Ligand code: GLU
């Protein structure tokens, strides 16, 4: 194990946003590729805004994405507890340290951090008052993504509120010191806080960690301009889960929000991401959200799954839709799904696509019905093929194929003259998996029964 220790430090105040998941992922990838430790620290000091439900959703989301932590809730480590709400003693001791060093003072019931430097007063039109400012040394932040960023603090800031709660800046830094964090990887929105943080590290005589501030996520250009918000489509992790996207594909997608591999090979497994991800290659500019890319990566991943993996994921999606149950026959399920795998790009669409394999209550596509069944002779075609299929002793593609061919020869037509009507009769639509394998899989009994139903229903 190396000495790399990174942390993901969410405040569980609402639904888990894709940007939050990206921060988690980039920290996780960095830890895994450097043989380091990934710490999950819950920043739950804001009692009014933190909720149990948000915490649960966050932990579920991380688990679903496969981002396991080495220290954190449920995983004790040497620097716990990992909930800030349980670390008051540690914060009090550190507050005392700053007071002892002459770097903290009380005013109006709150505790302020004292900057070093010459003090002067200035009229502030915003506050409409004279305020005290400090000529402090500029802080140089060495950011792995942004290079050197120089910022200056010029006012003392609160580290403990008048109600006794320590401030975000204070607990964040105390914990990074105490948890021996070597790299802070977080959203760009925290860059403006970093000079305060570095001031605090310096006051504690601790070496600041290396920083890496990740670019903002911007709206899909098809949806609008500016920063992506919680209300935008695709903004919440729970949405991806509900839509049955594969977690590996979601991880792949999130990894590309601000980072890309040099050869533009975007469809990457988690192992490939761990070895290829490079924090130094993360872009500075905003990362565009692209919903189409999500579907594409999901499809790539679905196609590359081996059948047993595909079947077990698909089974869950069919069970949720009420189309399969625990007694659905495995062999039947596998052969039906093998026909669907190449054809559909998300498990979200699977129940609709594959319903007729599993239920008699499947939708009839009106357009297909018009196109196929309103043609003259459509029912005659069914009348002709039905007895020949019924007479087959063996029900496999070759025998089914020869039944169609014989009939076609006799009528001096191509077998395709019968395919669309039969396809429609057995599936309610005019597109889908390869025709002959589909008939074989559906089985003789189902096929004949559905052809008979259609003959009755559509006879003019
Ligand atoms: N609790 C902060 C947040 O959720 C963490 C900031 C940090 O990573 O330092 O934004």
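The values are calculated or read from the model by the stated rules, or taken from the named source; none is laboratory data. Quick caveat: nothing in here was measured; it's all calculated off a predicted structure. Note that we place each Cβ from the backbone using ideal geometry, even for glycine, and neighbour counts take in every protein chain shown.
Condition first: in a helix (DSSP H, G or I), under 18 Å from residue 251 (Cα atoms) and over 18 Å from the mean Cα position of the chain (by Cα). Now tell me which residues in region 297-308 satisfy that.
Scanning region 297-308 gives 303, 304.
Given the conditions (1) part of a loop (DSSP other than H, G, I, E, B); (2) at pLDDT 95 or above, report the number of the one that residue 7 does not fulfil.
(1)
When residue 154 is evaluated against the numbered criteria (1) assigned to a strand (DSSP E or B); (2) more than 17 Å from residue 94 (Cα to Cα); (3) more than 15 Å from the ligand (Cβ to nearest atom), which criterion, by number, is the only one it fails?
Among (1) assigned to a strand (DSSP E or B); (2) more than 17 Å from residue 94 (Cα to Cα); (3) more than 15 Å from the ligand (Cβ to nearest atom), the lone unmet condition for residue 154 is (1).
Please find, among 116, 71, the residue that is in contact with a strand residue (DSSP E or B) (Cβ under 9 Å, 6 or more places away or on another chain) and surrounded by fewer than 17 Cβ atoms within 10 Å (Cβ to Cβ).
116
Which members of region 352-381 meet the condition of being part of a helix (DSSP H, G or I) and over 20 Å from residue 440 (Cα atoms)?
Residues of region 352-381 part of a helix (DSSP H, G or I): 352-358, 366-373, 378-381.
Within region 352-381, 352, 366, 367, 368, 369, 370, 371, 372, 373, 378, 379, 380 qualify.
Of the conditions (1) farther than 30 Å from residue 140 by Cα; (2) surrounded by 14 or more Cβ atoms within 10 Å (Cβ to Cβ); (3) in contact with a helix residue (DSSP H, G or I) (Cβ under 9 Å, 6 or more places away or on another chain), residue 259 clears all except one; give me its number.
Residue 259 satisfies all of (1) farther than 30 Å from residue 140 by Cα; (2) surrounded by 14 or more Cβ atoms within 10 Å (Cβ to Cβ); (3) in contact with a helix residue (DSSP H, G or I) (Cβ under 9 Å, 6 or more places away or on another chain) except (1).
Sort out which residues of region 158-178 are touching a strand residue (DSSP E or B) at 6+ places or on another chain (Cβ under 7 Å) and more than 11 Å from the ligand (Cβ to nearest atom), and write them in order of number.
Answer for region 158-178, where residues must be touching a strand residue (DSSP E or B) at 6+ places or on another chain (Cβ under 7 Å) and more than 11 Å from the ligand (Cβ to nearest atom): 158, 159, 160, 161, 162, 166, 167, 170.
Yes/no per residue for (1) touching a strand residue (DSSP E or B) at 6+ places or on another chain (Cβ under 9 Å); (2) more than 16 Å from the ligand (Cβ to nearest atom); (3) over 30 Å from residue 38 (Cβ atoms); (4) touching a residue at least 60 places away in the same chain (Cβ under 8 Å):
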position: 135; (1), (2), (3), (4): yes, yes, yes, no
position: 145; (1), (2), (3), (4): yes, no, no, yes
position: 149; (1), (2), (3), (4): yes, no, no, no
position: 180; (1), (2), (3), (4): yes, no, no, yes
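In region 203-231, which residues are in contact with a strand residue (DSSP E or B) (Cβ under 9 Å, 6 or more places away or on another chain) and within 20 Å of residue 146 (Cβ to Cβ)?
Scanning region 203-231 gives 208, 209, 210, 211, 212, 213, 214, 215, 216, 217, 218, 227.
What are the pairs with Cβ atoms under 6 angstrom where one residue, in region 17-43, is farther than 21 Å from residue 3 by Cβ and at pLDDT 95 or above and the other, located anywhere, is within 12 Å of the ligand (Cβ to nearest atom) and part of a helix (DSSP H, G or I)? Sequence gap at least six, or different chains.
43/84
Taking only region 30-50 into account, find how many residues are more than 14 Å from the ligand (Cβ to nearest atom) and out of contact with any helix residue (DSSP H, G or I) (no Cβ under 9 Å at 6 or more places or on another chain).
Adding up the residues that qualify gives 4.
Could you tell me which residue of region 1-29 is nearest to the ligand (Cβ to nearest atom), considering only residues that are surrounded by fewer than 19 Cβ atoms within 10 Å (Cβ to Cβ) and under 18 Å from residue 70 (Cα atoms)?
Among those residues, the one meeting the criterion is 4.
Scan 59, 95 and give me the residue that is surrounded by 13 or more Cβ atoms within 10 Å (Cβ to Cβ) and either modelled with pLDDT under 95 or closer than 26 Å to residue 246 by Cα (or both).
59
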